[in-house]
Amino acid sequence: MHTRYRPTLRLTEFNLLLPPALLAIVGMLMIFLVPTGQVAWAWSDIWVSLGFAGAVLGISVTFGIRGFRGDQAILPLTATLAIIGLLMIQRLHPDLTALNAAYSSLAQRQLLFLMLGLAILWLIVMLAGPLGVMNLLKRYKYTWLLISLALQAATFAIGTGPPGSGAKLWIVVGPIQVQPSEIVKITLVIFLAGYLDDKRELLGSSWRIGRVSLPPIPYLIPMGLMWAASLLTLVVLNDLGAALLFFAVFLTMLYLASGKPVYVVVGLVSFGLACFGAWRSFSRVEVRVQNWLNPWQDPFVSGYQPIQSDFAFSSGGIIGTGFAQGNPWYIPAVETDYIFSAIGEELGLLGTLAVLAMFFLLTLRGFTVAMRAQDGFVQLLAAGLTSILAFQTIIIVGGVVRIIPLTGITLPFISYGGSSLVSNFALIGLLLHISSLPRRV
């Protein structure tokens, strides 16, 4: 039964939202004033920031009016990351448009995606309790698995990708372009949370091979399907980023449910062997590995992107060149894969560390929500959703700074991309709802 609360003051959340709201306005003014060296401005220069700041503050107020008692730090952290992304896209917009007219509506589309994401977040928080969403998610867990498989199959059948890449990333329907993997990452976590919660005891028992304890074979089949789905995403769709993200989240949830590191070890070894095979068999993966190890082997073609990224970080140094005063547009795909490099150039090492600190705090809040949940399914769901954000950040940042090969996924809330933004805001909406449920004492 849904508990009705009286209106409550969410002063902590509202106060934490004021700095990102101010950042949005000041940052937008800098975008227009720094290039001209003048102080004249008009209200039309900051309408984008005012709209976004008003939206997040309005959401906080409506949460209080409806008596929502969820976590008060998650929304401010998310809003701060989102406004940093919006400012970077707005700042890159004129320079990218000068290079290619296709970027002429880049900033407007990003704002549209942000507003759509905020609307979905608000709807989830407002309606999840009355509709009993958690029970529905758990009851129909196999439906979510079928949806995941159907979306991946559709991507294989009619998906497209960047010209010449060989990858299948998007499904295009008229003017709408959707990246199914952004939806699949959430639907798979819902299925895994329901399945692993049901089979939690069996995962820690039954038959043995030597010193290794394994659950009954029938219960290994869905886990084997998850492993196969990740490998097929890598081999068939040529989407290394999604495959790595799916499998990392899967292993995390499996370990949390079973408490057995053997599953993680076996999973890592098998996935590592598959990646090695892909490196030796697929030219696209081979090129990414070569660019990771030594981009100077082909500095003007395949290695140009990581080299320019390295130059951007070098130019930024400790404190950066200054917002709107760098040259990050030299990096191909700077608005998506390499937006972290743009932050590093203009805001420096301190700016990148601040961004990573916010991701760390958001991850910490997410796992705190998971630990406080009473229900096993809800615990695993919150942990899985949080793992998505954590691993997605680690994978893309690690690729940009060349700790691992670049995989081509987005930096949550910051990179340009409608599917990613909307799905991540939906994810945050679910986390916020979970944080409002009864807690462990």
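The values are calculated or read from the model by the stated rules, or taken from the named source; none is laboratory data. Predicted, not measured: the structure shown is a model, and the values here were computed from it. Every residue, glycine as well, gets a Cβ built from its backbone with ideal geometry; the counts of neighbours run over all protein chains shown.
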For segment 371-422, what are the residues that are more than 18 Å from residue 306 (Cα to Cα), in a loop (DSSP other than H, G, I, E, B) and of a type in the set (A, V, I, L, M, F, W, C)? 413, 414
Has segment 94-110 got at least one residue that is within 30 Å of residue 436 (Cα to Cα), part of a helix (DSSP H, G or I) and at pLDDT 85 or above? yes
Hits in segment 327-349 - residues which are among the polar types (S, T, N, Q), surrounded by fewer than 24 Cβ atoms within 10 Å (Cβ to Cβ) and more than 15 Å from residue 103 (Cβ to Cβ): 327
Kindly indicate whether any position in segment 123-135 is touching an Asp or Glu at 6+ places or on another chain (Cβ under 8 Å), assigned to a helix (DSSP H, G or I) and within 30 Å of residue 382 (Cβ to Cβ). yes
In segment 44-59, is there at least one residue being farther than 17 Å from residue 21 by Cβ, surrounded by 21 or more Cβ atoms within 10 Å (Cβ to Cβ) and not small (Gly, Ala, Ser)? no
Quick check: is even one residue across segment 403-420 of a type outside the set (Gly, Ala, Ser) and more than 26 Å from residue 162 (Cα to Cα)? no
Only one of (1) of a type outside the set (Phe, Trp, Tyr); (2) at positive phi; (3) in a helix (DSSP H, G or I) does not apply to residue 284, and that is (2)
Complete set of residues in segment 59-101 that are β-branched (Val, Ile, Thr) and touching a Pro at 6+ places or on another chain (Cβ under 8 Å): 65, 80, 83
